[in-house]
Each structure stands twice: as structure tokens, then as C-alpha cells.
Amino acid sequence: MDSSTSQASSSTRWVQWGILTYWTLFWLLNVVDKVVGGAHFLWVGRDRFAQFQKYFASTGLADAWIADAGLVLAAALEAFALTFCAGAWWHFAQRREDHARSWFLAGTLFTLLTFTFFSIGDQWFGDRFELLEHTLFWFISLVSWVAYTRLQHVPLPDFATSRWAPALGLAGVLTLATTTSIFLYNEHHFSRRVDPIAAEQVGDHLYKVSFPFLGGSTVFEESIRQFKTEHPNEAIDHIYTVPQPLRLKKADALIFYISTDDAP
């Protein structure tokens, strides 16, 4: 093998390595999101159980076990996709190309199955934005598999260091800017995830609380605690959201109402 062929093969492996790394990290972060959830330093997860429960409740299936079953199935599909993509990455690192190809095929099939499952749910629940997202990822996964397999037969030319330098410099600037924004958000705005919200009186013994973007259970609990402190002469009768047909399908921008009576 001459030097040009060797360089081309090296470039091909780097692209294949990038494909496997992307899907491994993609599913790893999705699985971590299922396990961690909530808001933590440098990590903002979503309450997936609440999300699934609202989806199913919008179709009249409000029992908690139905949301549990859907979440368990989704988590299982993602866990299998992660396992096989990570296995493909490991075999590829050990230069066992045949094993890596087989594992990545299984990972791709589980990826397609996962996004198919999500897309069916999106159609059922009427969430067009999620449907667009999951459909795009379905095709990206398929294209990734085709690119990975075709690259084994179509070597790429090597790129000189001078050509890589501008791209690496731009990537470094974008990484720095993104990292800086994350730390600035955590320093100045992370409190929105935990600070209580003042209740606005909208009627006689009726108060409204509007959640901030990505407000979670901690915000809810602290808001109720603050309300009881600020209104010692009133007792909470019940708490409710808008009627079910008008409920938002996501927790973002949630509004709930507090109805009270005079304290005994």
C-alpha cells in the first residue's frame, strides 16, 4: 500500500470514528437524561414521566401505569441503541471492522425502531414539532449507516494540516463561546430553576402562578411554600390548571391556579 492510499484510509477511519462517536454520545446523553432528570449544575433535564403522563392524559389514558409502561419501553429502546453503538465504537477502536459493522447495524436498527416508536406517538398525540424532530433523526440515522458502510469502499483524500487549521480554529471558537454561555447562564439565570414565583391575585381568593421556561418541581414546591408564608390568613383549598382540553403538552410555560379560603 503506497503512502497516498494509507493517508486516504486514515481519513476514512476518522470519519467513521466520528459517526460512531456521535451516536454513542447521543444515546448516552439521552439515557442519562432519563436517569437524572430535573435541574442540576450544568445539567437541565426534563421530567419525562410528567411529559409522558400529560401525553397519554390528553388522549383519555390518565392512569400512571400507562405512562410508566411507555417510558420503560422508550428507555429500553434507547439503552439497547446505546449498548450496540458503544459496542461498535469499541470494536472499531480495536480495529475489528467486521464486528464494528455488525454492532453498528444493530445499533442503527434500534435507533430506527426508537424514532419510529416516538413518531407514532407524536402522530397519536398530535405533537407536530416532536414529529418533525424524530423524523429528521430517523433519516439521519439511516444516512449515517449508509455513509459508514460506503466509506469502507470509497476512501477519502487526506487533508493537509493547513486546510484543517481554519476549521479547527472555528470549532475552537464555537466551543469556547458555547462553554462560556453555559457557565454564564448557570451563574446568572440558574436560579430560575429553583427560585419561588410570586402568585398574582386574579380574583377573590384566586391566585395565578406562571412558570418560567423549564421550571420544574422545585419551583412549584418553593412557590407553594412562599405563598403560604406570604398569605398566613388564607388556607389553600385546591390547586388546579386550565381545563384538560386546553392543557399544554409540555411543562414549559405552565400556569396553575391557587384557590383559597379564609384560614380558620
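Observations on the model:
- Picking from residues in the stretch 12-56 that are surrounded by fewer than 16 Cβ atoms within 10 Å (Cβ to Cβ), part of a helix (DSSP H, G or I) and more than 15 Å from the chain's Cα centre (by Cα), the one that is modelled with the highest pLDDT is THR21.
Here is a yes/no grid of residues against (1) surrounded by fewer than 16 Cβ atoms within 10 Å (Cβ to Cβ); (2) modelled with pLDDT under 70; (3) aliphatic (A, V, I, L, M):
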site: THR241; (1), (2), (3): yes, no, no
site: LEU246; (1), (2), (3): yes, yes, yes
site: ASP252; (1), (2), (3): yes, yes, no
site: ILE255; (1), (2), (3): yes, no, yes
site: ILE258; (1), (2), (3): no, no, yes
site: ALA263; (1), (2), (3): yes, no, yes
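- Tally of residues being surrounded by 16 or more Cβ atoms within 10 Å (Cβ to Cβ) and not in a helix (DSSP H, G or I) across the stretch 57-100: 1
Residues checked against (1) more than 17 Å from the chain's Cα centre (by Cα); (2) at pLDDT below 90; (3) closer than 16 Å to LEU82 by Cβ:
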| position | (1), (2), (3) |
| --- | --- |
| THR114 | no, no, yes |
| ASP127 | no, yes, no |
| PRO157 | yes, yes, no |
| THR161 | yes, yes, no |
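- Leading residue by the ranking (surrounded by the most Cβ atoms within 10 Å (Cβ to Cβ)) among those in the stretch 184-216 that are among the aromatic types (Phe, Trp, Tyr) and at pLDDT below 70: PHE190
The values are calculated or read from the model by the stated rules, or taken from the named source; none is laboratory data. Because the structure is a prediction, the values reported are computed rather than measured. Counting neighbours? That spans all protein chains shown, and the Cβs are built from the backbone with ideal geometry, glycine included.
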